[in-house]
1. Can you tell which of ARG253, ARG132, ARG196 shows the greatest fluctuation in a Gaussian network model of the chain with Cα springs below 10 Å?
2. To make sure I understand, if each residue's beta carbon is the centre and we count other beta carbons within 10 Å, what order do ILE291, ILE66, ILE193 fall in, fewest to most?
3. With r defined as the distance between the Cβ atoms of LYS130 and GLU286 and R0 fixed at 22 Å, what FRET efficiency is calculated, to the nearest 0.05?
4. Only helical DSSP H runs with n ≥ 4 go in: add -39500 (n - 2.57) per run for the chain, normalise by residue count and round the 222 nm mean residue ellipticity to 500 deg cm²/dmol.
5. Quick query: amide H of ASP194 versus all other amide H atoms, modeled in the peptide plane; which residues come in under 5 Å with a sequence gap of 5 or more or a different chain?
6. What does the charge add up to near SER136, with Lys and Arg as +1, Asp and Glu as -1, over the other residues with Cβ less than 12 Å from its Cβ?
7. Taking the chain as a Gaussian network, where each spring joins two C-alpha atoms under 10 Å apart, which residue of VAL238, VAL124, VAL91 fluctuates the most?
8. Would you mind ranking LEU138, LEU25 by Cβ crowding within 10 Å, fewest neighbours first?
Amino acid sequence: MNKQISVVIPVYNEEEVLESLFQRLFPAMDELKSTYEVIFINDGSKDKSLEILTKVHSKYPDKTVIIDFNKNYGQHMAIMAGFEQSSGEIVVTMDADLQNYPEDIGLLIDQVEQGHDVVGGVRVNRQDKKWRLLVSKLHNSLRLKLTGIDMVDEGCMLRAYTKDIVKQVIATEENSTFLPALAHSFAANPTDIDVRHAAREEGTSSYNLYKLIRYNFDFFANFSKAPLEFFTMLGLAVSTISFILFLYLIIQRFMHGPDAEGVFTLFALTFFFIGIVLMGLGIVGEYIGRIYEEVRKRPRFIIKKY
Ligand code: UDP
Ligand code: MG
């Protein structure tokens, strides 16, 4: 049966928080007086998360859907799978770790009912490590410039979408996606509202610096050609400067005769340029890799549904 609200929650090694999540989420949802389903996606957890989820499903078979991935595909693919399984007129996403407040879901629903098709949560007083906040700040300032996507807090996963937006997102069939940004790019009447944010009490964030760099690169490669364009401009600048240097050396040659000094400077310069060229190849490769992933047309994820 179709529900009014679907809540989509990706779960990766969250055995410590799931019970407290249930204790707050179900009462908060009951209070809304709408029919609802909570879709949990177990994203290849290595702990007891799946066991806990199947248990809650036997307790509330009508209110829960459990999707189990055969391996870890990442938070965004998990949400995508949740979208595909959702039947709600309004679809809400949130994190499992209680950094978002389940009690705030009602605020988002209100906004959708007032006619907004995408409602973004904005974490007032965001409770994350300092370096994460710094990376986000940098990301946000670049995002608008490079991709034109104008959202306030892209990293906040407490968000609500209408069914139509969710359908559009599913239809993209993209492999590596950033769902909040993708959905936002389809919105006709988006809005952002303040929501609360708590520090993670149990478990650890699964993002480390490497994952975050990958995330950021993926993001910009997904939504813009800026890295490629930047590289073209860099190539242009370097060849202009080299050309001027070349002219200067020719003039030197005629005025002061042959000059064999500076061999090591030449080495350093050469390695520098080789480095730039390799980086450029890497950037082109990143795009080709993405094209490859898309044309291969493998299934995005393998699921089992409870
Ligand atoms: N998550 C997931 N797959 C992953 C990493 C995370 O499904 O590979 C889930 C995780 O269980 C949580 C949400 O995505 O519900 C956000 O993850 P996390 O708290 O680690 O990220 P942070 O809050 O630090 O951005
Ligand atoms: Mg978290």
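Values in this text are rule-based calculations from the coordinates and carry no lab data. Bear in mind the structure is a predicted one, so any value in this text is a computation, not a measurement. Virtual Cβ from ideal backbone geometry, glycine too; neighbours counted across all protein chains shown.
1. Highest fluctuation of the listed residues: ARG253.
2. ILE291, ILE193, ILE66
3. With a Förster radius of 22 Å, E is 0.15.
4. Using -39500 (n - 2.57) per qualifying helix, the result is -18000 deg cm²/dmol.
5. VAL122
6. +4
7. Highest fluctuation of the listed residues: VAL238.
8. Arranged by neighbour count, lowest to highest, LEU138, LEU25 become LEU138, LEU25.
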